[in-house]
Each structure stands twice: as structure tokens, then as C-alpha cells.
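Asks: To start, I am sharing the structure in question, which I have written as C-alpha cells.
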Amino acid sequence: MIDYFEWSNEYKNTANNIADVIDRLKSEKRGISDISKKELDLKIAKYKIYYNECIHISNLLLGRYYGE
């Protein structure tokens, strides 16, 4: 049997880890060249996509758990 609640929590935890990476990348932007800032902005944008996907999947699985 699938435990949707636990599966949802795994995605939420992954999203939290990604949020930590985003925060670290944002803090790296201070005091670097504009070219490097652009590269970091691209990385941050990609990580935000991954974060949003994890949150979305987590919410869908939680909905399954509650019978939605």
C-alpha cells in the first residue's frame, strides 16, 4: 500500500533542501562580477523550478492522502 502522506513529506523535505541551496546561492551573489551574478541567477532560476515542482507534487500527494 502506498503511504501518500510519507511520500508527500519526502517531496516537501526535498523542496526544503532546494530552498536552502537557493538561499546559499543568493548569498554568494554579494561582491562578485556581473557575469558571475548572471550565472548564479540562472542556477537560482533552475532551482526555483525544481522547488516549485516538488511543492506541487507534495501537495498533490497530500491531496491523495486526504482523499481529494
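Asks: Can you list residue pairs whose Cβ atoms sit under 7 Å apart, with the first residue in the stretch 31-55 being farther than 26 Å from T14 by Cβ and the second being part of a helix (DSSP H, G or I)? Count only pairs 6 or more apart in sequence or on different chains.
Replies: That search, which allows pairs on different chains as well, returns nothing.
Asks: Those residues that are among the aromatic types (F, W, Y), assigned to a helix (DSSP H, G or I) and either out of contact with any helix residue (DSSP H, G or I) (no Cβ under 7 Å at 6 or more places or on another chain) or open to solvent by 100 Å² or more (accessible area, probe 1.4 Å) (or both), I need them from the stretch 42-68; list them, please.
Replies: Filtering the stretch 42-68 for residues among the aromatic types (F, W, Y) gives 47, 50-51, 65-66.
Applying the additional criterion that residues be assigned to a helix (DSSP H, G or I) yields 47, 50-51, 65.
Hits for the stretch 42-68 are Y50, Y65.
Asks: Next question. Among the residues of the stretch 1-41 satisfying the criterion of being open to solvent by 80 Å² or more (accessible area, probe 1.4 Å) and either in contact with a Pro (Cβ under 7 Å, 6 or more places away or on another chain) or part of a loop (DSSP other than H, G, I, E, B) (or both), which is farthest from E68 (Cα to Cα)?
Replies: G31
The values are calculated or read from the model by the stated rules, or taken from the named source; none is laboratory data. Quantities reported herein were computed from a predicted structural model and do not represent experimental measurements. Quick reminder, even Gly has a Cβ in these numbers, built from the backbone with ideal geometry, and neighbours come from all protein chains shown. Only protein heavy atoms, including side chains, enter the accessible area calculation; ligands, DNA and RNA are left aside. Shrake-Rupley method; radii C 1.70, N 1.55, O 1.52, S 1.80 Å.
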